[in-house]
Every structure is written in C-alpha cells, then in structure tokens.
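Quick notes on the structure that follows.
The values are calculated or read from the model by the stated rules, or taken from the named source; none is laboratory data. Bear in mind that the values here come from a model prediction, so they are computed numbers and not experimental data. So basically every Cβ, Gly included, is an ideal-geometry build from the backbone, and we count neighbours across all protein chains shown. Each accessible area value is taken on the protein alone, full model and side chains, heavy atoms only, with ligands, DNA and RNA left out. Shrake-Rupley method; radii C 1.70, N 1.55, O 1.52, S 1.80 Å.
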Amino acid sequence: MSRRYAVIGNPVEHSRSPAIHAQFARQTGIDLEYGRILAPLDGFVEAVERFRDAGGSGLNVTVPFKLDAFAWAAHRSARAAEAGAVNTLRFDDGAAGAWGDNTDGAGLVRDLGERLGFALRGRAVLLLGAGGAARGVVGPLLDAGAARLVVANRSRANAERLVEKFATRAVHPVFVPLDAIEPGFDLIVEASGSGLRDEPVPLADEVFAAATLAYDLFYAAAPTAFVRQARAAGCRRADDGLGMLVEQAAESFFAWHGARPQTEPVYRALREALQAEHAQRPPSR
C-alpha cells in the first residue's frame, strides 16, 4: 500500500513538490502518493490532523504555515529549533510522535556547493530579509563556514530579532540598514521576496558588481527581478532558488524514507518545464 504525503500551504496550487517527489520515488523504487492541501489561513492544525488521521505519513509545509508547523510539532530537529520554523513533518506515532524539521538551509547550502560550486567557508554573506525564509538559512550558512554574515532588512525590529537569535554563535550575524550597505560581499542572498513582487532591492550597483554570486531563494518561470537587477549591475553570476527547492525536497525525502535521491536530473527537468511554460505565455502588452 502506498504511503501518503502532501505539501500544505495557502496558496499551494503552484507547488512543484508533487512532481519532484514523483521523480524521487521513481528513482528509488519507493511506492508513495503525493498531493497538495490548500489549508484555510486559520485552519492549519485542523487540516494537518485530518490528513494524519486519514493515514497520511508526512507533509511538506510551505507559506504561510512554517511557524504554525513549528508550534504544532511535538518534536523538532536541532536545525528546526534554531530556525524557529518547520517545513517538514513526519508522523511517527500520531500527534505524540509528530516530528518537525527545517530543510531549507540545508537545501541552499547543498545547491550552492554542489551545483554552483560556491564554497562558503571564509566568505562574506549579505542576507536580504528577516522573515521565515531568512530564518531557515542563517544557521546552515554559518555551519558551512561563512566568516561574516550581515542581515539587511526594511524593518529594523525584525532583523534585530533574527540577529539576536544567533548572538551566541562564535561567528554571528549582525544587522546593517539597507541604505548603509557597502561593497565587500562574496554572496548576496535575497530572502525578502522582492523579486517575486517584481521589485528591485535598494542596493547600489557597486554592491552587486563586487559579489561573486547573487542568489534569490525564490524562483519563477522567468528570471526574477532580483536576478535581473544583479545581472544588470555586473554581478559575476546570479541564480534563482529552483536548485534549493529540489535540494530541500531531497532532504525531506531522506527524512521520510532514509534514501537520498539524485537531484540534478530533477533540477534539469524542472528548469526545462519552467522554460517551456515561459515560452508559451503570450507577450505582455
């Protein structure tokens, strides 16, 4: 009998997770079903428990429910506890055994190192944003050896709360106002979602031009506004978060099944599908 999994969010119809996990299942020979759950904004717990009680084995959690999943999980991995957010749930023994993990940061680090060949050790990193997406990647970036991590955000209060969470680290993040950022970063990570809103980030071209890589945690069929901005400003390379999406899904798959799938063929298939979708769209007027 197939074990049942799903991605839960609001909205969720755009999620590529069913296609990703279907490819992982074919690779590994694991029999599973994977669907989507659109949960009401005020009905996350009810939707999760309904799925679990109907025999579900685990969930991927996307916006805006990662903090709700953290609060609901009975047990949490160390990286989820540090991030204060959960994007993977595994139902080990009903509600008492519900286990939460956060695979976002691990997915980012793996994509940077393995697909893009960017080694984090000793590098200076600028993180734009201080919300849920940013919370999941700070710890793994530091674990991977970043020598300097600066958080820049429109809201000073949110950024300072994020920085305080990691204040005990030997190398800990610091907050710098967006309008005070100067060149000197090897990696710029966009975690605020401005690119998906088709808004540029308020950074000087010189900051981009001095960086080796600009990386948007979000992805779209066409290059995001952040990726376009970085390229236009002269950054040596700019990439979106499609690879991170696939890698964090592989981490979830491993947590559920104990098998690690190959990610590169899945990434290529998704990229080709996105490019085909973009090519089929009518031109904007």
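Ignoring ligands, DNA and RNA, what percent of the 1.4 Å accessible area of the stretch 37-114 is carbon and sulfur?
Details: 1670 of 3150 Å².
Its accessible area is 53 percent carbon and sulfur atoms.
Kindly point out which whole DSSP H helices in the chain project their C-alpha atoms 18 angstrom or further along the helix axis while averaging a Kyte-Doolittle hydropathy of -1.0 or above. Before the final figure, lay out each step's value.
On the way: long enough: 132-143 (19 Å, 0.73); 242-257 (22 Å, 0.56); 264-280 (24 Å, -0.80).
Span-like helices, by this rule, are 132-143, 242-257, 264-280.
For the stretch 1-52, GluC sites (Glu not before Pro) are listed when DSSP marks them as loop and at most 15 other Cβ atoms sit within 10 Å of their Cβ; the list is E13. For T212, the solvent-accessible surface computed with a 1.4 Å probe is close to 40 Å², ligands and nucleic acids excluded.
Measuring between their Cα centroids, the stretch 1-67 and the stretch 140-181 lie 32 Å from each other.
Which value results when the Cα radius of gyration for the chain is divided by 2.2 N^0.38 Å? Kindly include the intermediate steps, with their values, before the conclusion.
Numbers: Rg = 18.7 Å, N = 285, 2.2 N^0.38 = 18.8 Å.
Output field value: 0.99.
Computed from the alpha carbon atoms alone, the convex hull of the stretch 191-273 holds 106 Å³ per residue. Over the stretch 31-97, accessible surface divided per residue gives 48 Å², non-protein components excluded, 1.4 Å probe. Each of E82, E160 has its accessible area taken with a 1.4 Å probe; listed largest first, they run E160, E82.
Whenever you get a sec, compute what percent of the accessible area on the stretch 159-209 sits on carbon and sulfur atoms (1.4 Å probe).
Answer for the stretch 159-209 is 51 percent, counting heavy atoms of protein chains only.
GNM remark for the chain: springs join alpha carbons under 10 Å apart, and the peak mean-square fluctuation among N102, N153, N87 falls on N153. Heavy-atom accessible surface of the stretch 151-285, averaged per residue, reaches 49 Å², computed with a 1.4 Å probe.
Tally Lys and Arg at +1 and Asp and Glu at -1 over the other residues with C-beta under 15 Å from the C-beta of H257: what net charge comes out? Could you put the intermediate results ahead of the total?
Working: positive: R3, R4, R26, R90, R260; negative: D31, E33, D92, D101, E251.
Once all neighbours under 15 Å are counted, the net charge is 0.
Projecting the alpha carbon convex hull of the stretch 139-285 along each direction and taking the average yields 11.0 nm².
Debye-formula intensities of the stretch 87-210, expressed as log10 I(q)/I(0) at q = 0.11, 0.15, 0.17, 0.21 Å⁻¹, are -0.40, -0.72, -0.90, -1.27 (one equal scatterer per alpha-carbon, no solvent). Here the stretch 129-175 is treated as a sphere whose radius is the Kirkwood value from Cα pairs; by Stokes-Einstein at 25 °C and 0.890 mPa s it diffuses with a coefficient of 234 µm²/s.
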